[in-house]
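**Q** Provided herewith is a single structure, encoded as structure tokens, for subsequent inquiry.
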Amino acid sequence: MVNRSISRLSLSLLISALSLPAAFADEALDARVARAKSAAPSAVSDHATVVVDGKVVVEGNNGWTCMPDTFPGDNMPMCNDAVWMEMLGAMMNKQDFDTKSIGFSYMLQGDKGAGVSNSDPFHPDPKNADDYVETGPHMMMIVPRAMLSGFTDDPSTGGPYVMWKDTPYAHIMLPVDAK
């Protein structure tokens, strides 16, 4: 009787141990989905598609796409409309990008600790770039190039500024909080 109880206990523990990685994976995915959705107001993120590691893990219905990372492993969540997703695709493939419409992106968690070069999206060591910049919670707007006229590219002004000004990926940064 004792041997059967020990065998059942051993089997139960083994089954539990085997299911732990799946449970941890589910918790990790849930945390990444929550981080992705934290990039935008809930009115946007509650109905957005969520993409994690290039895979759709939540199918949305409002045209927005949220991701837990802007660049792999940087923990900078963002939510983008279709224009922004098109620009990101072009940038990742180092292709030209030009828009005739306005696009929006939210990064309400900011990019503290994982900023970028303000002039070069492909800087090999952005944290050591002369123009390294971190921005707290912000929105971003892609606009037709002619609409960038008159905006500074100086992030220290405290207001909107142009990032990646002389590239096809130029966009307006709109800080919403200093944190």
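The values are calculated or read from the model by the stated rules, or taken from the named source; none is laboratory data. Since we're looking at a predicted model, the values are computed, not measured. Virtual Cβ from ideal backbone geometry, glycine too; neighbours counted across all protein chains shown. The accessibility values were calculated without ligands, DNA or RNA, using every heavy atom of the protein model including side chains. Shrake-Rupley method; radii C 1.70, N 1.55, O 1.52, S 1.80 Å.
**Q** Can you give me the solvent accessible area of residue 35 with a 1.4 Å probe, rounded to the nearest 10 Å²?
**A** My reading of the accessible area for residue 35 is about 60 Å².
**Q** OK, next. How would the range 44-94 be classified by its alpha-carbon gyration tensor: rounded, prolate or oblate, with rounded meaning a/c under 1.5 and the a/b versus b/c comparison settling the rest?
**A** oblate
**Q** At 1.4 Å probe size, with every protein chain present, just tell me what the per residue accessible area of the range 43-179 comes to in Å².
**A** Solvent-accessible surface per residue comes out at 51 Å².
**Q** How large, in percent, is the carbon and sulfur part of the accessible surface of the range 92-179 at a probe radius of 1.4 Å?
**A** Carbon plus sulfur share of accessible area: 51 percent.
**Q** Just reorder 105, 149 by solvent-accessible area, largest first, 1.4 Å probe, all chains present.
**A** 149, 105
**Q** Is the shape of the range 50-125 rounded, prolate or oblate, going by the alpha carbon gyration tensor and its root eigenvalues a ≥ b ≥ c, with a/c under 1.5 for rounded and a/b larger than b/c for prolate?
**A** Taking the square roots of the gyration eigenvalues as a ≥ b ≥ c, the range 50-125 is oblate.
**Q** For the range 88-132, which chymotrypsin sites (Phe, Trp or Tyr not before Pro) are in a loop by DSSP, counting at most 12 other Cβ atoms within 10 Å?
**A** 122
**Q** Calculate one ³J(HN,Hα) per residue across the range 152-163 by plugging θ = phi - 60° into the Karplus curve 6.51 cos²θ - 1.76 cosθ + 1.60, and present them in order as whole Hz with x for glycine and proline.
**A** Here the 3J(HN,Hα) series is 6, 10, 8, x, 7, 6, x, x, x, 8, 8, 9 Hz.
**Q** Given a 1.4 Å probe and the protein chains all in place, what does the accessible area of residue 37 round to, in Å² to the nearest 10?
**A** My reading of the accessible area for residue 37 is about 50 Å².
**Q** Decide, for the range 42-179, between rounded, prolate and oblate: order the square roots of the alpha carbon gyration tensor eigenvalues as a ≥ b ≥ c, take rounded if a/c falls under 1.5, and otherwise choose prolate if a/b is larger than b/c, else oblate.
**A** Rounded.
**Q** Step through the residues of the range 144-149 one at a time and calculate ³J(HN,Hα) from phi using the Karplus curve (6.51 cos²θ - 1.76 cosθ + 1.60, θ = phi - 60°), rounding each to whole Hz and writing x for Gly and Pro.
**A** x, 3, 4, 6, 7, 4
**Q** HN-Hα J couplings of the range 113-118 from phi, Karplus 6.51/-1.76/1.60, θ = phi - 60°, integer Hz, Gly and Pro as x?
**A** Values per residue, Gly and Pro as x: x, 9, x, 9, 6, 6 Hz.
**Q** Sequence-distant or interchain residues sharing an amide H contact under 5 Å with residue 40, placed H: which?
**A** 108
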